Amino acid sequence: MGAITGTFKGFGVTFSHMFRKIVTTDYPFEPAPAAPRYHGRHILNRHPDGLEKCIGCELCAWACPADAIYVEGGDNTDEQRFSPGERYASIYQINYARCIFCGLCIEACPTRSLTMSNEYELARDSRQDLIFTKEQLLAPLLPGMEQPPHPMRLGETEKDYYLGALTNPGTSAGAEKAPWSETGTKDATGEAS
Ligand code: SF4
Ligand code: SF4
């Protein structure tokens, strides 16, 4: 008797779910939008003239509990300038096989160079492909930006840059959502195609 009651209870659970709203999403054809503050893949942002905000200080790498970030700094010169400061990141890598998306690195960044996007499609076929390079992480050039290296266009000092960036929301446009995720395609360098 108990077994029959249990069987009908089991069917009851199934039956009650038949009339509930279907929540299945048509992934990957129609990916569900992420929450606005979702911690997705990182972005290395630029100043409005295209220079990189990253100054190669390595604070993000030291803050990372998973040892997922590797940075090597290089010296800017008047002929070869990539950022408004003395230094820039000559090598910048994030290993997404290690990253736990905690966000401590973006909290540590003194220039707001490093932020996180909503992009969550990070599965790759090999571990090597999970190591994203600086070229892949850099925000794409927005209209009016110029590909570094080039001289400082927004002022003589780093302070000019930081104060200007604060009043220009366009400087971090790539941080809210990676533009290439709109098209769903990007080439090997991470640029939109
Ligand atoms: S999100 Fe966390 S784990 Fe990932 S790189 Fe940043 S600090 Fe490291
Ligand atoms: S991303 Fe920020 S914290 Fe990391 S090296 Fe660049 S400036 Fe420093």
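A single entry from Q136, Q93 fulfils the requirement of being within 28 Å of E30 (Cβ to Cβ), out of contact with any Leu (no Cβ under 8 Å at 6 or more places or on another chain) and within 15 Å of ligand 2 (Cβ to nearest atom): Q136. Return yes when S126 is more than 13 Å from ligand 1 (Cβ to nearest atom), modelled with pLDDT of 95 or more and either acidic (D, E) or not in a strand (DSSP E or B) (or both) and no when it is not. Taking the combined requirement at face value, the residue satisfies it. Taken over region 69-78, the criterion of being buried (at least 16 other Cβ atoms within 10 Å of the Cβ), away from ligand 1 (no atom under 16 Å from the Cβ) and not in a loop (DSSP other than H, G, I, E, B) is satisfied by G73 alone.
Might you check whether a residue that is within 16 Å of ligand 2 (Cβ to nearest atom) and either under 13 Å from R46 (Cβ atoms) or not polar (S, T, N, Q) (or both) occurs anywhere in region 117-129? No - not one qualifying residue is present in region 117-129.
Evaluating R81 against the criteria (1) in contact (Cβ under 8 Å) with a residue 12 or more places away in the chain; (2) surrounded by fewer than 15 Cβ atoms within 10 Å (Cβ to Cβ); (3) basic (K, R) leaves one unmet condition, (2).
Checking P36, P48 one by one, the residue that is at pLDDT below 95, buried (at least 16 other Cβ atoms within 10 Å of the Cβ) and away from ligand 1 (no atom under 16 Å from the Cβ) is P48 and no other. Residue count for region 79-96 under the criterion of being within 16 Å of ligand 1 (Cβ to nearest atom) and part of a strand (DSSP E or B): the result is 6. Within the set T5, T24, the sole residue that is assigned to a helix (DSSP H, G or I), more than 17 Å from E107 (Cβ to Cβ) and of a type in the set (S, T, N, Q) turns out to be T5.
Pairs meeting the criteria (first residue in region 50-71 and within 27 Å of D160 (Cα to Cα) and more than 7 Å from ligand 2 (Cβ to nearest atom), second residue in a loop (DSSP other than H, G, I, E, B) and of a type in the set (D, E), beta carbons under 8 Å, at least 6 apart or on different chains) are G50/E146. Scanning region 97-116 for residues that are touching a helix residue (DSSP H, G or I) at 6+ places or on another chain (Cβ under 9 Å), surrounded by fewer than 18 Cβ atoms within 10 Å (Cβ to Cβ) and part of a loop (DSSP other than H, G, I, E, B) returns A97, R98, P110, R112.
Residue-wise test of (1) out of contact with any helix residue (DSSP H, G or I) (no Cβ under 6 Å at 6 or more places or on another chain); (2) at pLDDT 85 or above.
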{"position": "N118", "(1), (2)": "yes, yes"}
{"position": "L130", "(1), (2)": "yes, yes"}
{"position": "K159", "(1), (2)": "yes, no"}
{"position": "T171", "(1), (2)": "no, no"}
{"position": "E191", "(1), (2)": "yes, no"}
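If you check A139, A66, A61 for being surrounded by 13 or more Cβ atoms within 10 Å (Cβ to Cβ), among the aliphatic types (A, V, I, L, M), under 26 Å from R37 (Cα atoms) and away from ligand 1 (no atom under 15 Å from the Cβ), only one passes: A139.
The values are calculated or read from the model by the stated rules, or taken from the named source; none is laboratory data. Computed from a predicted structure; not experimentally measured. All Cβ positions, even for glycine, are placed from backbone atoms using ideal geometry, and neighbour counts span all protein chains on display.
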